[in-house]
Structures are given as C-alpha cells and as structure tokens.
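Okay, structure first, notes after.
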Amino acid sequence: MEKNKRAVKEMQEGNLEEAAKLLNEAIEEDPEDAVAYTNFGNLLAAVGEEDKAIIFFEKAMALDEQQATAYYGKGNVLYNQENYKGAIDSYQKAMSHGLHEGDVYYMTGMSFYHLNDFLRALPSLSRAVELNSEDVDARFHYALCLAQTEQINAAIPHFEKVSELDPGHTDNYFNLGVAYAYNEDVSGALAMFNKALEIQPNHALASNGKQRMEEFLHKGQ
C-alpha cells in the first residue's frame, strides 16, 4: 500500500516513469493488489494507452468487485472514447460500490448530456452542484439542462451564479441572455449579449442575439 501511495504522489507530480516503476513493484509483491491495478490503469489512461488502461481496470474489478475507483477510471476512458452509454454504466457501478464524490455525479450527468438526454442528466448534475457549489462546469451544464427542459426560471439563478464564479465565461453570458430574452427581458438580454461580445468579439451567436434585441427595441420606439 505504501508503494501505491508513493506512486500516486509521483503521478500527481508528473513523474510517470517513477510511478510506473513503483506500481510494477507493488503488483509483483502482491499480484492480488486491486488498488495497484487501478492506479496503473489511471497511469495508462493519462498517457493515452486507453485500451490497456481498461484491461488493468477490469483486472482490478476481477480481484475486488467493490473497487469503486476502477469502475470510475474505466468510465472516464469510455467517456473520452465517446462511449457515453458504457461510461454511464461504469459510473453507476462506481456509485453502487460507494463512490459518491462530486466528480462521479458530474461525469454521469455529462454522459447523459452528450446523449442529449437532458432530463436524465439533471439529477446527477444537481447532485454535483450540491457537493461542490463552486464547480463552474457542473453548475453551467446543470443550468443548460434546466433550460433545455424548458425550466428557464430555474436555470437563470444558476447562470447568474456562474457569472459570479467565472466573470469571463462567454457562453454563460450568451445563454443567460437567451434566458432573459425568453422571459421578455430585452434590456437584460442585450446586456448579457454585450458582455459575451466584450470577452469574445467574434461570438456569432451573441452577435446575432444582440442584433435581434436591438431590432426589437428599435421597433418599440
């Protein structure tokens, strides 16, 4: 176990060769060490050896079916390969074996999001936000899913919170502008589109939104 801890530390510091050496030694000393196989899977995934990583994660699961982080690691590889259904299955198994950190809920929600299954993404993203209220990506995608499921008024406070947490989040200003426009708050929408364009002048969607709001205001004069 000591070598596992040292290997994780080496990985965190970017010393991947030293980490691999320690994990090899850990497995040689104890071929039944599921944690070592999981850590080696994470190392392989980090260097792009995704198929090999899955083999190590599955070996860890075979040694210890309760090894929740192995399911999570496999889920991340499948997610990167755009196998979102497979990723969801792995993440859900990780949770069923006791992994309940914000990241696993976020990744589960994002897998549903990429499948355009926004309704099923909502509970996972909501839980991710509950567990880490300052997770900008989780909150932004939670707000997007609320908006996609026509819960605009519920989405707005989350878009506004993202603006507080990350004042440079261009797409958030655009989506907040769309939400304001949906609620017929033309001046609020225009302000958000302008904010997006201040940060990214070539943001085509924000530019189009701004033009429409200005045309609306001009007609009302």
Listed by chain and number, the lysines with an alpha carbon less than 16 angstrom from that of K161, same-chain partners under 8 positions apart left out, are K195
Label model pair E17, Q66: point-to-point distance (7 angstrom along the Cα→beta-carbon line) in nm is 3.9 nm
Placing each pseudo-label 7 Å from Cα in the direction of the beta carbon, A204 and Q151 end up separated by a distance in nanometres of 3.2 nm
Normalised per residue, the volume inside the convex hull of the alpha-carbon atoms of the chain in Å³ amounts to 133 Å³
Residue-ordered couplings for the stretch 18-27, obtained by feeding phi - 60° into the Karplus form 6.51 cos²θ - 1.76 cosθ + 1.60 and rounding to whole Hz (Gly and Pro as x), are 5, 4, 4, 4, 5, 5, 4, 5, 4, 6
Heavy-atom accessible area per residue of the chain, all protein chains kept, 1.4 Å probe, expressed in Å², is 54 Å²
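What does the charge count around K3 come to, taking other residues whose C-beta lies under 12 Å from its C-beta (Lys +1, Arg +1, Asp -1, Glu -1)? Each step should come with its number before you reach the end.
Details: positive: K5, R6, K9, K21; negative: E2, E10, E18, E25, E28, E29, D30, D33.
Within the 12 Å Cβ shell, the charges total -4.
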A 1.4 Å probe over the protein heavy atoms gives the stretch 1-113 a carbon and sulfur accessible-area percentage of 46 percent
Check: C-alpha center the stretch 105-142 vs C-alpha center the stretch 75-90, spacing in Å is 15 Å
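Between beta-carbons, use under 12 Å as the cut-off and find the net charge around V136, counting Lys and Arg +1, Asp and Glu -1.
Values: positive: R139, K161; negative: E134, D135, D137, E164, D166, D171.
Charge balance near V136 sits at -4.
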Heavy-atom accessible area of the stretch 180-221 with neighbours in place, 1.4 angstrom probe: carbon+sulfur share in percent works out to 50 percent
Residue-ordered couplings for the stretch 177-183, obtained by feeding phi - 60° into the Karplus form 6.51 cos²θ - 1.76 cosθ + 1.60 and rounding to whole Hz (Gly and Pro as x), are x, 4, 5, 4, 4, 4, 8
Rounded to whole angstrom, the alpha-carbon centroid of the stretch 18-69 lies from that of the stretch 143-189 at a distance of 42 Å
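Which FRET efficiency value, to the nearest 0.05, do you get for D30 and E58 by plugging their Cβ-Cβ distance into 1/(1 + (r/R0)^6) with R0 = 25 Å?
On the way: r = 18 Å, r/R0 = 0.73.
According to the calculation, E is roughly 0.85.
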Taking Cα atoms only, helix 204-219 is inclined relative to the longest principal axis of the chain by an angle, in degrees rounded to 10, of 20 degrees
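The values are calculated or read from the model by the stated rules, or taken from the named source; none is laboratory data. What you are looking at is a predicted structure, and each value in this text was computed from that prediction instead of being measured. Quick reminder, even Gly has a Cβ in these numbers, built from the backbone with ideal geometry, and neighbours come from all protein chains shown. The area values use the complete protein model at the heavy-atom level, side chains included, leaving out ligands, DNA and RNA. Shrake-Rupley method; radii C 1.70, N 1.55, O 1.52, S 1.80 Å.
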